[in-house]
Structure formats: structure tokens, C-alpha cells
1. Filter segment 30-46 down to residues that are small (Gly, Ala, Ser) and touching a residue at least 24 places away in the same chain (Cβ under 8 Å), then give me how many there are.
2. Name the single residue, out of those in segment 29-65 being hydrophobic (A, V, I, L, M, F, W, C) and assigned to a loop (DSSP other than H, G, I, E, B), that is nearest to the chain's Cα centre (by Cα).
3. What are the residues in segment 96-110 that are closer than 11 Å to GLU144 by Cβ and free of Cβ contacts under 8 Å to residues at least 60 places away in the same chain, if any?
4. Are there any pairs, at least 6 apart or on different chains, whose C-beta atoms fall under 9 Å, with the first in segment 47-62 and under 14 Å from LEU8 (Cβ atoms) and the second exposed (fewer than 13 other Cβ atoms within 10 Å of the Cβ), and if so, which?
5. Kindly indicate whether any position in segment 33-46 is of a type in the set (Val, Ile, Thr) and at pLDDT below 85.
6. Tally up the residues in segment 101-138 that are within 18 Å of the chain's Cα centre (by Cα) and outside any loop (DSSP other than H, G, I, E, B), please.
7. Return the residues of segment 251-264 that are out of contact with any Leu (no Cβ under 9 Å at 6 or more places or on another chain) and in a helix (DSSP H, G or I); say none if nothing qualifies.
8. Need pairs with beta-carbon distance below 6 Å; first residue among the charged types (D, E, K, R) and within segment 64-75, second at pLDDT below 90 and in a helix (DSSP H, G or I); sequence gap 6+ or separate chains.
Amino acid sequence: MRGPPVCLRGLTVEERSAVETLARSRTVAARQAERARVVLRASRGETPPGIAEALGLSAETVRRRIRRFNAEGLAAFDDHHRSGRPATYSADEVAAVIAAALTSPRRLGLPFASWTLDRLAAYLLEHKGIAMRRSRIDEILLKEGLRWRRQGSKHCFERVRRAGRPRVRRKKGRIETLYTTPPQSSVVVCLDEMGPVSAKSYPGRELVRPHPLPTGRARQEIDYGRRGKGYVFGAFCPATGAAFTRPYPGRGAANWVAFLEEVETWLPTSAARIYAITDNLSSHRATDVLLFMLAHPRWEMVFQPKYAAYLNLIEPWWKVLRSLALAGRRFETWDEVAEAIAQATEYWNAHRHPFLWGRRRRHRPRRQPGIALLPRAA
């Protein structure tokens, strides 16, 4: 049934400016933008049925929103308070989440300089006794008006080449089989080097309040020169998520064999066979490596094909290590970098999780099936 006739009252200059801004905004809530468009069209003399047809609403909904704006002004664009479900977390717990997010992890004695939702959840559980899911933490930060801002933005692009040689499929299949169904009493370990890593400033990210907007762009301090560099050798067990790292000044065969000796003592002695997945770097196939394998017959090197670094699961773990150890920090010497790597590795092993081959990245929503919309003709 059609309601009583309704007419929009006159708008002040401030109200008209705010309504036009909200109607064009792409950052405010969709409900607010829609209510602003209703009022904006009504101020231009359009009737409620015409507004309803243009915006896909009912005529009664348009009349109700016009009446509310006449009574409340700009406050009519906000939602009314709803009782809903009682709050799961108290105000003190929410305040603890916000305070921790706005505090540098280094000031809290943590081995990294940039927060992620997983690290916030782990810190709140271990130090504050607050068991909170990462999705809930994200909701609290968004409601508080906090946004992630990258420090010293830098974009890197990499051209990926696909291996198109014969026997690549067979090599790839063997590595995939080791990940999914390894032989009994065996350990699969991924080996690689990260570097060169320099003692310098590394960009990170921090939480900021966008309103009021921060003055100027995100900046990074000027960093001239390099103060030492080296390589980080790593061993990663995808089945358990355990990691082992050691810093070295170079990546020659001597350092590689010394690292293999340390990995041999790190891996469990109960393993009858060790499958080491690595790339084809010349130092990985040197004579000293062959002598090491003769001295340790349980080892077997499984070399990945060229241009197939994705087959080595330590590659995605390097990204985690860089985020834990390097992001948002400045290093004066290589020794500081080595200490940060050691602390980050210890932190990871305390919060580790397995890397499963073929499993979708954690927290990434599954893509909805269907066919993309065709572009509209000009």
C-alpha cells in the first residue's frame, strides 16, 4: 500500500556538500552511500517511485529514508544501534588488541618489526591470555579506523619462465611424490640459500589512522651505502614446518658442506633416508658434496629442474623469514642481521605449521566458480 506523500526539506550548504561527497564516495559503507544518493536525487526534485526504480529499491524504503533525513539530518546516514548478540570480548580486551597493534613489536621484545594478523593473535594469546581469531582482530582494527601502510614502498617484478624441456615432468612428479607420500622412515628437507643479504634499511608496514590523514606520504629514512653482506643458508622440513638457518659470508662449496654437516646433526637420527631437494647451483654438485654423501649414505640429493623454483617449498618460507627478520628494521652490521635471522628462526619454530603441497594458501578465500562477465560494448 502506498504511504503518505513525503517531501524532502531544504538542504543547507554544509548538508548538500556532505551529501554529494558521500554519494560519490567509494570508501564509505555501501549503505551510507546509498542513503546519500536517495537524498541527493530527492533534492533534485525526483519522485520516490523514480528514485526507487533508479536505485533498485522500493518506493516505501525511499520515503522512509527521506523522512528520517528530515528528522535527523546527516545522522540519518548512520545505522541505528542494534542489540544483537552480546559482545564476546570485553572493552578491556578490545583495547588491549588496539594497543598492541599500535605498538612496535620491537618495543615488546619480539624478534620482528612488523605485525601481521597471525603474529598479533599469537602475541595476544601468549602474553595477554586473549584467545582471538585473526578474522576478529581484523574486524576490530577496521572498526577502529586503522589501515595498513607500507613503509618505503618498493615493487619488484619477476619474469617467470616455464621449463619446456623433456624429462621435466618426470622430475617434477618425483618431487611432488616426495611431498605427498614420502617413503617410510624418511625425511624430506628443502635446502637453499637466501641472499646476498645486506646490512641496510628494509621497508616494513605499520598501522595508522587514516582520519585525520597522516601528514605526507609514508617515508623511509635515507640509507647510504652497505655495511656488510652475507648469505643465509636454510633447511626446511615441509611435513613439520621445522626450519634451520645459518649465516655464511659466501655460498661456496666449503660453506655448503659445512652447512650440510650442521643439518645432518639437526635432523633426527631415526630417519633411515634423507631426501634433500635443492637447485642446480654449481656448489651443490661439487666434489666436496659427493664426499659428504659418501660419508653419510642416508643422504640423497634431489635436484629440481631449471626455472622450477616453485618445486622447492623453502622458497615461500623465505618470504616468511624476510618478514620476521628484516621488514621494518635498520641494520648497522652483518652481525646484527645474523642475530635477527637467528631470533626469527627461533620464533618461527615456536609457531610453525606444515607446508602441504597442493594446499591453497592459508586464509585465501576460495574462488567462486563461474564465467567472468563479458565487457560491455562501447
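1. Result for segment 30-46: 3.
2. Checked segment 29-65; the qualifying residue nearest to the chain's Cα centre (by Cα) is ALA29.
3. VAL97, ILE98, ALA99
4. Within 9 Å, the pairs are PRO48/GLY3; PRO48/PRO5.
5. Start the filter on segment 33-46 by keeping residues that are of a type in the set (Val, Ile, Thr), which leaves 38-39.
Of the ones still in play, those that are also at pLDDT below 85 are none.
No, segment 33-46 contains no residue that is of a type in the set (Val, Ile, Thr) and at pLDDT below 85.
6. Residues flagged as within 18 Å of the chain's Cα centre (by Cα) and outside any loop (DSSP other than H, G, I, E, B) within segment 101-138 amount to 14.
7. ALA253, ALA254, ASN255, ALA258, GLU261, GLU262, GLU264
8. ARG68/ALA76
The values are calculated or read from the model by the stated rules, or taken from the named source; none is laboratory data. Please read these numbers as outputs of a predicted model, since none were measured by experiment. As a convention, Cβ positions derive from the backbone with ideal geometry for all residues, glycine included, and neighbour counts pool all protein chains shown.
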